[in-house]
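One structure is given here, and the rest of the page talks about it.
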Amino acid sequence: MSTEPLQQQNILRWMPRDAQAQDTEPTEHTALWSSASGAAMPKKVVAVDDSLTADEAYRLAAQGTALLWQGDYHNARQLLSAMARRLPVFSRLDGESVAQSFYRYRQGRTQRAKMLGRVLVPLAPGPSVPLRRAPDVSEAWLLAAGPVEEPAVAPLQDILGAVGALEWRRNGLFVQELDAVIYPHYGTFAPVRSEYLGLMEGLELPSKELAFDIGTGTGVLAAILAKRGIKHIVATDSEPAAIACAKENLANLGLSDTVEAVQVNMFPEGKAPLVVCNPPWLPGTVNTLLDNAVYDPKSRMLKAFLSGLAKHLEPGGEGWLIISDLAEHLGLRSREELAGWIAAGGLEVLDKVDTPARHPRSMDRSDPFFDARSQEVTSLWKLGVKP
């Protein structure tokens with residue numbers, strides 16, 4: 001199949017900002033569109049430089065115009081910060097339900113991502129950012145988005161995200177339950193909230209022969225299962241970046257022979273005596289790659305796990321669902337809905353182990369959703385097939 005239509009769609013076109021003031025026909029410029037986060041290519045772009053004020057940048061971005069920066073790199077970062085300060089500050093409204101407030105909060109975050117994502121920078125083969133005082137982004141961008149073989153344009157937010165992700169990948173994250181360091185990749189959620197990892201430690205295993213880890217991410221749950229003595233684990237994820245991340249971490253931990261990381265949507269073939277899943281905890285729209293680990297549009301992954309679990313459990317097997325009840329405190333999902341999905345899947349609750357939230361936001365009284373976050377409990381639901 002020809003790739004020409006796709007190539008045409010990925011070509012970004014722009015004019016100088018003062019094109020209308022020129023006496024001659026302005027020259028149109030083009031470059032490939034590149035986004036590590038999967039952001040859509042903007043429809044209208046103008047070239048700008050250090051003479052652009054933050055107020056004018058905010059006005060243009062609010063109108064849907066993307067700004068291709070051609071000045072100093074550090075000034076571009078300062079402009080981004082200045083635009084962020086001009087965005088409306090969220091606050092709860094009197095008489096508004098917590099669910100309505102959270103929905104409005106998410107709308108604001110979506111608008112924020114769109115606005116700040118309209119500040120663009122050029123990319124040159126290497127890859128590099130051909131701007132004054134630009135840092136070396138070659139390793140970060142190669143790991144996040146791949147090589148750049150011809151001139152391209154990318155959101156500055158993506159560049160900053162790639163550079164930040166490289167630091168995570170270099171430094172790693174110590175996981176107490178493994179007594180080891182794991183290394184998150186760009187777009188793969190780091191298990192910074194460690195309280196849920198300990199839920200699996202004390203539970204009796206139904207078998208040590210085989211387990212499935214659904215939505216493995218960094219591979220941390222699969223590694224914990226291997227540490228507990230399970231002989232073979234199949235870890236799945238639908239994202240190729242997550243599978244690459246899991247494979248690297250498992251290799252570093254010496255677990256490549258024990259854990260098989262497979263790119264597949266949800267369940268692998270066959271059945272297992274233990275199937276573990278830690279789906280995104282909140283129903284909601286996904287705006288960024290990292291949102292995939294937090295937000296589950298219309299609870300699709302949660303429902304898919306509960307509806308398909310019985311078919312992939314061996315007789316007497318157990319499904320371990322690790323999920324927070326924050327969605328219930330935010331009014332996004334009820335306990336009755338969760339119970340209904342469990343029953344509809346032909347499942348019953350065998351046991352439930354809880355742990356309170358210990359992350360900083362659960363103790364931050366300035367958070368607009370402190371009441372909900374302070375009550376959050378993360379649970380491991382031990383599920384079995386109804387007799």
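Assorted remarks:
- Residues in the stretch 215-274 that are touching a helix residue (DSSP H, G or I) at 6+ places or on another chain (Cβ under 7 Å), closer than 18 Å to GLU177 by Cα and assigned to a loop (DSSP other than H, G, I, E, B) were compared, and the one that is most open to solvent (accessible area, probe 1.4 Å) is LEU253.
- Screening the stretch 354-387 for residues that are in contact with a Phe, Trp or Tyr (Cβ under 9 Å, 6 or more places away or on another chain), hydrophobic (A, V, I, L, M, F, W, C) and modelled with pLDDT of 95 or more and picking the one that is surrounded by the most Cβ atoms within 10 Å (Cβ to Cβ) gives LEU383.
- The one condition from (1) open to solvent by 30 Å² or more (accessible area, probe 1.4 Å); (2) acidic (Asp, Glu); (3) in contact (Cβ under 8 Å) with a residue 60 or more places away in the chain that ASP49 does not meet is (3).
- Any hit, the stretch 83-97, residues being small (Gly, Ala, Ser), out of contact with any Lys or Arg (no Cβ under 7 Å at 6 or more places or on another chain) and crowded, with 16+ Cβ neighbours inside 10 Å: no
- Where PHE305 falls short, out of the listed (1) surrounded by fewer than 21 Cβ atoms within 10 Å (Cβ to Cβ); (2) under 19 Å from LYS382 (Cα atoms); (3) among the hydrophobic types (A, V, I, L, M, F, W, C): (1)
- Failed item in (1) open to solvent by 50 Å² or more (accessible area, probe 1.4 Å); (2) part of a loop (DSSP other than H, G, I, E, B); (3) within 26 Å of LEU274 (Cβ to Cβ); (4) not aliphatic (A, V, I, L, M), with GLU348 passing the rest: (2)
- Screening the stretch 161-182 for residues that are within 15 Å of the chain's Cα centre (by Cα) and surrounded by fewer than 20 Cβ atoms within 10 Å (Cβ to Cβ) and picking the one that is farthest from ALA246 (Cα to Cα) gives GLY164.
- Residues (within 17 Å of PRO130 (Cβ to Cβ), open to solvent by 50 Å² or more (accessible area, probe 1.4 Å) and assigned to a helix (DSSP H, G or I)) located in the stretch 52-74: HIS74
- Odd one out for VAL181 among (1) in a loop (DSSP other than H, G, I, E, B); (2) within 20 Å of ASN249 (Cα to Cα): (1)
The values are calculated or read from the model by the stated rules, or taken from the named source; none is laboratory data. Bear in mind that the values here come from a model prediction, so they are computed numbers and not experimental data. Cβ atoms come from the backbone with ideal geometry, glycine included; neighbour counts cover every protein chain shown. Please note that ligands, DNA and RNA were not included when accessible areas were found on the heavy atoms of the full protein model with its side chains. Shrake-Rupley method; radii C 1.70, N 1.55, O 1.52, S 1.80 Å.
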